[in-house]
1. Counting just the residues of the range B:376-396 that are loosely packed, with under 15 Cβ neighbours inside 10 Å and among the charged types (D, E, K, R), which one comes out nearest to B:Lys308 (Cα to Cα)?
2. Answer yes if at least one residue in the range A:222-237 is over 19 Å from A:Glu78 (Cα atoms) and not polar (S, T, N, Q), and no otherwise.
3. Quick check on the range A:177-204: of everything there that is part of a loop (DSSP other than H, G, I, E, B) and of a type in the set (A, V, I, L, M), which residue is surrounded by the fewest Cβ atoms within 10 Å (Cβ to Cβ)?
4. Which one of these does B:Gly79 not meet: (1) under 27 Å from A:Gln144 (Cβ atoms); (2) modelled with pLDDT of 95 or more; (3) within 14 Å of chain A (Cβ to nearest Cβ)?
5. What are the residues in the range B:648-665 that are over 19 Å from B:Trp437 (Cβ atoms) and free of Cβ contacts under 8 Å to residues at least 12 places away in the same chain, if any?
6. Kindly indicate which of A:Gly22, A:Gly53, A:Gly69 is under 25 Å from A:Cys165 (Cα atoms) and either in contact (Cβ under 8 Å) with a residue 60 or more places away in the chain or out of contact with any His (no Cβ under 8 Å at 6 or more places or on another chain) (or both).
7. Would you point out the residue of the range B:234-268, among those that are hydroxyl-bearing (Ser, Thr, Tyr), within 14 Å of chain A (Cβ to nearest Cβ) and touching a Leu at 6+ places or on another chain (Cβ under 9 Å), that is nearest to B:Lys412 (Cα to Cα)?
Amino acid sequence: MAEKFINVTLKIWRQKNAQDAGKMVDYPLKNVSTDSSFLEMLDVLNEELVAKGEEPVAFDHDCREGICGMCSLYINGEAHGPDRAVTTCQLHMRMFKDGETITIEPFRATAFPVIKDLIVDRDSFDRIMQKGGFVSVNTSGNTQDANALPIRKEDADNAFDAATCIGCGGCVATCKNASAMLFVSAKVAQFSLLPQGKVEAQERVKNMLHQMDVEGFGNCTNTGACEVECPKGISLDNIARFNREYMKAAVLGSE
Amino acid sequence: MATLDSKIPTGPIADKWTKHKNEINLVNPANKRHIDIIVVGTGLAGGAAAASFAEMGYKVKSFCYQDSPRRAHSIAAQGGINAAKNYQNDGDSNYRLFYDTVKGGDYRGREANVYRLAEVSGNIIDQCVAQGVPFARDYGGLLDNRSFGGVLVSRTFYAKGQTGQQLLLGAYSALSRQIGKGKVELFGRHEMLELVVVDGKARGIISRDLVTGEIKRHSAHAVVIATGGYGNVFFLSTNAMGSNGTAAWKTHKKGAYFANPCYTQIHPTCIPRSGDHQSKLTLMSESLRNDGRIWVPKHLKDVEAIRKGTLKPTELKEEDRDYYLERRYPAFGNLVPRDVASRAAKERCDAGYGVNQTGEAVYLDFKSAFQRYGKEKALVEGVDNPTPAQILAFGKEVIESKYGNLFQMYQKITDANPYETPMMIYPAVHYTMGGIWVDYNLMTTIPGCYAAGEANFSDHGANRLGASALMQGLADGYFVLPYTIGDYLADEIRTGPISTETPEFVEAEKAVKDQIDKLMNIKGTKTVDHFHKRLGKVMWDKVGMARNAKGLTEAMEEIKQIREEFWSDLKIPGVANGMNTELEKAGRVADFLELGELFAKDALHRNESCGGHFREESVELDGEQKGEAKRDDENFKYVAAWEWNNTPGEAILHKEDLKFEFIELKQRSYK
């Protein structure tokens, strides 16, 4: 538990912009507090780089408490690094050994092009959401009372678990097919479990799947790596639920 | 010169909003298609407003500095959202929520706004459930509630410790639907750097594309600022790293008055700071005070032993613990409002009872909750004679189901297991009640420019109650702005498209480019964070939880000094015409260095203690309330709205007198 200080060597992907080829660059870093988070360790590196007049390493981050889904590093071959059920901002340096070499890359997928260094473009996720990740209800002061429709606690809890996805893209970066299935299925499952979402269930599953293909994400082959690396523990059950919804839509679809 | 007209409708408090809605102007659906609205920020207020405007037929442009609207910092709100549904049959009502909020804000909020907030609170829950927001439910399938500080009812709706996330994803879904329909044009990774004012009206903004560095002009018939608070002026806060005051500050400098900048909420339950490497502080939800009890040791010898590691907190006997909130405030106990709880923690730590190495930590203990829930669950599960170990295990299970993500977060950060040892907590900067001054319609002193959510000042007075930020953000976005903005836009139907080629746009764009050039060309020796950390230290030490005239005067001078050094010795590597994270931070810190001075000036002028603003000179000296904050209604019962005047230290004060017609002004007591 006590704070210690370690020395590490960082191998970091540097890429000026989308057009640049990019390469790995080594940075030794001394006296890193084991109490600091991984991103705070990068802050220290960047302060040193700026002081030397070099460009700091660009990386995405915002809330730094594991909920915004902005941070997106691939560390030592794992999305969000070696710890489980954490985002990169919740990964702490106590997970690393003194003298260790740490490799840091951006999330890699055709649908996530690199913008600069470790920052990637995840707009493809937003575009999938725009195709069906919603219940078509306008703002209205006259919807029915929130308690008018009881929802089984188990369904509400499962919907909540699916809805905790933070849209970081760790599942895509981890998947050998770069599939977005865990992300898409979590949203489809959330709404399929709630009466409010059932009305548009058929269109939703078809439209979101179609957009996933358009964006260039791969297919799901049920290898399950996504579930292991997901910072929010989104379960593979959601993919099963997605497939059931898709079958229903395909077989019973009215078109 | 703008005047302060709050435009509060006449009539009884419960009828004002209905009457106002009946009387304000509407825009014909066909005309809405020709009217543009810019919404800056995509949190609960901005996201909800943008989606609602588009549903009504307006053309919307939505801006956020994050890559996606779903990442706005509303997402990090944990504990819940208040609504006067009275589902618990415990005597709740719109009036009671209104009363609690006005009292909680230490009688420094505007009555009419607060009543409206309470009035639409129930609609918010209905709306969110209709969108598919998965709130917590009980076994009968109905919505569950919990309690928050400063109130005596259970009116907080929640989704584990992730309520903000679920509400924001609801608003984001609604927004996504409109983007998919082409009704909203989204500008992700764009930052607003200037407001454009033409003939006295807000007509657009200048943005910087954070990927390409391109400076762009955008015109509209109205502009909504929904960019959150300015807590990062303290460097360390529970805000996101990117949270900033720039859009609000630029709007202020273009003519919008800035109200009550010194009203800051220091949240009592955050993870204590550990070292110099620290980049932010993490909140542990106030909902934990439902079940956790706050204490420090009664005797200094135990404090020493705990700090040395020779005594574990779990070993300390009940009679040797000081549950100081329960002792000082028996009526509200651990659920006193945030400002009261924070000051009480500081009082104990200043007296030497802090339980960690820095002396700035108190315990939040779940021991008795484990027992209470454990026994209940054992009965429910049919275990007749549960062993102590079984009770404890059941109790932990229940706590896990309520707060699992918070306990996990705590363990990841501190490397200590809160199921086995009490949490350590300490107050940290969390929320800013101050913000851009707005009237009843949420319009600023610049016609056509609105401010919503944490960015405005209106509803929380000098202290915000827990679970009220989410309520206010969504109320402003879903149920207030969609009506009030029409009142203004009804006069804009003949305006037609607004050109971005006018001298005002050219000039605003030039000002943005000039500032960027100036920043890039300082070519000094110190980093942005160097200046930000120095500013933060001055703010925390002299404009923090306890303030006095001497410290505040010094702070104003020191901040000015840091600002001068910033503009002569800042170093930014890289170029401006591409992604440059140091340049982004520099622009934000430049604004904080001005805002901080106005903040201190406001705190200096307000020679009373109210809510989160505690002046050491203004304390009750005797009686039952001895040592508590002392408000001065005779001299300070007003909103301080500051007008920009070339430099923050020279800002001009305007006063909006607060009238309390429906609630009697009283000393706030939680004893």
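The values are calculated or read from the model by the stated rules, or taken from the named source; none is laboratory data. As the structure is a prediction and not an experimental result, all values here were calculated from the model. Quick reminder, even Gly has a Cβ in these numbers, built from the backbone with ideal geometry, and neighbours come from all protein chains shown.
1. Taking the candidates together, the pick is B:Glu376.
2. At the first step, the residues of the range A:222-237 found to be over 19 Å from A:Glu78 (Cα atoms) are A:237.
From the residues that got through so far, the ones that are not polar (S, T, N, Q) too are A:237.
Yes, the range A:222-237 has at least one match.
3. Keep residues of the range A:177-204 that are part of a loop (DSSP other than H, G, I, E, B), which gives A:177-178, A:180, A:193-194, A:199-200.
Retained after the next criterion (residues that are of a type in the set (A, V, I, L, M)): A:178, A:180, A:193-194, A:199.
Numbers: A:Ala178: 20, A:Ala180: 29, A:Leu193: 25, A:Leu194: 23, A:Val199: 13.
Per the stated criteria, the residue is A:Val199.
4. Among (1) under 27 Å from A:Gln144 (Cβ atoms); (2) modelled with pLDDT of 95 or more; (3) within 14 Å of chain A (Cβ to nearest Cβ), the lone unmet condition for B:Gly79 is (2).
5. Result: B:Glu664, single match.
6. Numbers: A:Gly22 fails: under 25 Å from A:Cys165 (Cα atoms); A:Gly53 fails: under 25 Å from A:Cys165 (Cα atoms).
Residue meeting the stated conditions: A:Gly69.
7. Taking the range B:234-268 first, the residues hydroxyl-bearing (Ser, Thr, Tyr) are B:237-238, B:243, B:246, B:251, B:257, B:263-264.
Then keep just the ones that are within 14 Å of chain A (Cβ to nearest Cβ); that gives B:237-238, B:243.
Add one more test, that the residue is touching a Leu at 6+ places or on another chain (Cβ under 9 Å), and what stays is B:237-238.
Numbers: B:Ser237: 19, B:Thr238: 16 Å.
Checked the range B:234-268; the qualifying residue nearest to B:Lys412 (Cα to Cα) is B:Thr238.
Table: residues versus (1) over 13 Å from the mean Cα position of the chain (by Cα); (2) among the acidic types (Asp, Glu); (3) at pLDDT 95 or above.
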position: A:His92; (1), (2), (3): yes, no, yes
position: A:Asp98; (1), (2), (3): yes, yes, yes
position: A:Phe125; (1), (2), (3): no, no, yes
position: A:Val135; (1), (2), (3): yes, no, yes
position: A:Glu154; (1), (2), (3): yes, yes, yes
position: A:Ile166; (1), (2), (3): no, no, yes
